[in-house]
Structure formats: C-alpha cells, structure tokens
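The values are calculated or read from the model by the stated rules, or taken from the named source; none is laboratory data. All of these numbers come straight from a predicted model, not from anything done at the bench. For neighbour counting, all protein chains shown are included, and Cβ atoms are generated from backbone atoms with ideal geometry for every residue, glycine included. With ligands, DNA and RNA removed, areas are computed over all heavy atoms of the protein, side chains included. Shrake-Rupley method; radii C 1.70, N 1.55, O 1.52, S 1.80 Å.
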Amino acid sequence: MRIHITYTGGTIGMIDSPHGLAPGADMLGWLHGLLDGTQISPDQVSYTELDPLIDSSCATPDSWQAIINDLRAHRNDADAFVVLHGTDTMSYSSAAVSYALTGFGKPIVFTGSQYPLGMVETDATANVTGALNAVLSGRAHGVSLFFGHHLIAGNRVSKVSSWAFEGFDAPSAGLLAQTGAPWHWESYESRGEGWYDPLPYMRHDVAVIDMAPGITAARLEAMLTPRPEAVLIRAYGVGNVPCTEPGLTDVLADVLGEGVPVVVASQCQQATVLLGHYEAGDAIARAGAIGTGDMTLEAAYAKIVFLLSQGLTGSDLASWIPRSIAGEITV
C-alpha cells in the first residue's frame, strides 16, 4: 500500500519558542524513525508539508482548500491518505474535506496530538500509528479521524477535551473502530448524495450566535447588522429560543425575510434539532428557519460554508441542510 501524508501544522509538530509553542519540528525525520522496523517501508510513503504550517486555531476555509488541493494532487500516487492536523479545528477540517471529496474513492484519516512529538509523554506516536493502521486495515472509508484509540467518521466528530488523550467523540453517531488486539470495528454505513465537481472553498460571512438567558432582541439585531450571508444559531435543546423575549423571534423572521438562511443547531453535544417540537422553536420554524438534525456544530458550519462556496443562497442553501452530502446527518 502506498500512503501519502499531508502535514498541515498543529501541536503534533510544535516546539518551544519565545512566544509559546509554534510549528517547527522535523516531522519527516520523526516519521521515518517511527516507521523504521515496521511493515511500512519509507518508499511506500510520500509526504507534503504545507507552507506555511498553521496552528489550527488560525485555520480558515482557505486552509481547508489547501488540504483538498494536496490530496487531489497526490490521488493517483497513493492508495490511502493521512492528514496531520492541529486538534482545535480538526473536526471542522475533516467535515469540510468530506463534503468536497465525496468521489475521491480512497480513505483519508485525520489525526494529531495533545502533546508535541518531542515530549516523553506525547500521544503523537499512538495517534499516527493508529491512523496508519486504520488505512492499512482496508476497512476505513471516506474521511475519518483517529484520536485516542478511536476511529470516528470525520463529519460526525467533535473535540470534547483540551487535555484528555481521548479528546474527540461522536455522541450522535458512535465510533467506527476502537484499538485493541485485534481492533474492534463497529458497523457503520455512511450515506450521502455526494457532490460532483465542487467549486473551491472560499471565505464567507457566516454568523454563529449562541442563545443565552437574557439575550435581547436589540443585542441579536446588533449582532446581525450588517446582515451576514447565513446565520447559524446555537439554540437550546432541540432548537428552542427565548420566544417570550419581546421582538427576538421577529429579528430572526426579518433576517429570513431578507433572504438570509437561518440554520438552527443545539448547544447539546448529543441532540437532534426538531424545530416546532416545542412552542419555543415554533415561531422561527414557521418563519423558515431550518434545523441541523443530529449534525455536529462543526459539520453544520462547514456545510454552510461549502454550500455558499457552491453559489447557493437563501432557500436553495436551506434545502440542502437536512440532506446528506457525505453522511454528516442521519436522514
């Protein structure tokens, strides 16, 4: 098997600097040392290092596209792909890549680490070897993410801890596999409509707003002025908003009336958004807001940016939110 590794930056390859941890480790040299004596020989592995390397907290849709471009450039040279990425926004990137590469046909596994590779206590070794084992198994498909002994679908995963070695989870979908001797694989079927020949990701103005007790219509209006291209509301429970707060739902209705799609997610990690299930979500549902179902926030945000990048707006964009492109939502 030929494996291509794309190194984007992140904690895994950081070293101490006068201003804190920053990219700079000899990643390729470390990888060669890691593979020495294993069933993977160096001539089976190709390697790309993005320039510049980024801390994933600084990632943008342009970063997603840089990863996609590199994967496409090496598609015919390798049988499987591993992306080394910072943990902070890895779940956004893995979701974004899943939408853009539905027809790629080869496994792509994201991974990273909580500690840099140069530290004795690092989890980098376990995570990179886990990602490599996932692609060697022949059972990984599409885009997935390996971290802390778990393999998870790349568009169903969220970062749940800033310090735990098991730092990612998929509360609404479960695991694809768990390490062991042998690995334990779960049955999972990812269904999606795909997207033929997608246009590149571009930056778009998407407002992400949390509901909180006491938020006023004036504050919400201020946060939505000037109008963004789309709105992603993080509501309560199954999609509830403070419907008795004077004028608050009217603000969202006005935004929708101006052709701006309003997408409603949940602040709960494990939830299925059902607008109109309670009175507190009915008003915005009747105004045209659309719920995210059981998508993660990261998958929903990346999906909105993807759809905007394809030129979709308003109701055309909203109509795709409950449809599965790459298995990101239970239909």
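Within the stretch 141-152, being open to solvent by less than 10 Å² (accessible area, probe 1.4 Å) and either more than 20 Å from Gln114 (Cα to Cα) or of a type in the set (A, V, I, L, M) (or both) holds for Leu145, Leu151, Ile152.
Remark: pairs (first residue in the stretch 192-215, under 21 Å from Ala59 (Cβ atoms); second residue in a loop (DSSP other than H, G, I, E, B) and open to solvent by 70 Å² or more (accessible area, probe 1.4 Å); Cβ separation under 6 Å; 6+ apart in sequence or on different chains) = His204/Glu229; Asp205/Glu229. Given the criteria in the same structural domain as Ile108 (by the TED database), among the hydrophobic types (A, V, I, L, M, F, W, C), open to solvent by less than 20 Å² (accessible area, probe 1.4 Å) and at pLDDT below 95, does Ile12 qualify? Answer is yes for this residue. Kindly check whether there is at least one residue in the stretch 267-284 that is open to solvent by 70 Å² or more (accessible area, probe 1.4 Å), at pLDDT below 95, polar (S, T, N, Q) and touching a strand residue (DSSP E or B) at 6+ places or on another chain (Cβ under 7 Å). The answer is yes, given that some residue of the stretch 267-284 is open to solvent by 70 Å² or more (accessible area, probe 1.4 Å), at pLDDT below 95, polar (S, T, N, Q) and touching a strand residue (DSSP E or B) at 6+ places or on another chain (Cβ under 7 Å). Quick check, is Thr8 part of a strand (DSSP E or B) and of a type in the set (S, T, N, Q)? Yes. Residues that are on the phi > 0 side of the Ramachandran plot and either of a type in the set (Phe, Trp, Tyr) or touching a residue at least 12 places away in the same chain (Cβ under 8 Å) (or both) are absent from the stretch 223-236 altogether. Filtering the stretch 12-33 for residues that are within 20 Å of Glu298 (Cβ to Cβ) and either over 15 Å from the mean Cα position of the chain (by Cα) or hydroxyl-bearing (Ser, Thr, Tyr) (or both) leaves a non-empty set.
This table checks each residue for (1) in contact with a Cys (Cβ under 9 Å, 6 or more places away or on another chain); (2) farther than 23 Å from Pro213 by Cβ; (3) of a type in the set (A, V, I, L, M, F, W, C).
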{"position": "Pro246", "(1), (2), (3)": "no, no, no"}
{"position": "Val251", "(1), (2), (3)": "no, no, yes"}
{"position": "Val263", "(1), (2), (3)": "no, no, yes"}
{"position": "Leu275", "(1), (2), (3)": "no, no, yes"}
{"position": "Asp282", "(1), (2), (3)": "yes, no, no"}
{"position": "Gly291", "(1), (2), (3)": "no, no, no"}
{"position": "Asp294", "(1), (2), (3)": "no, yes, no"}
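For Ser56, the requirement of being at pLDDT 90 or above and among the polar types (S, T, N, Q) is met.
Yes/no per residue for (1) in the same structural domain as Ala100 (by the TED database); (2) out of contact with any Ser or Thr (no Cβ under 9 Å at 6 or more places or on another chain); (3) open to solvent by 40 Å² or more (accessible area, probe 1.4 Å):
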site	(1), (2), (3)
Ile215	no, yes, no
Leu220	no, yes, no
Thr225	no, yes, yes
Ile233	no, yes, no
Val251	no, yes, no
Val260	no, no, no
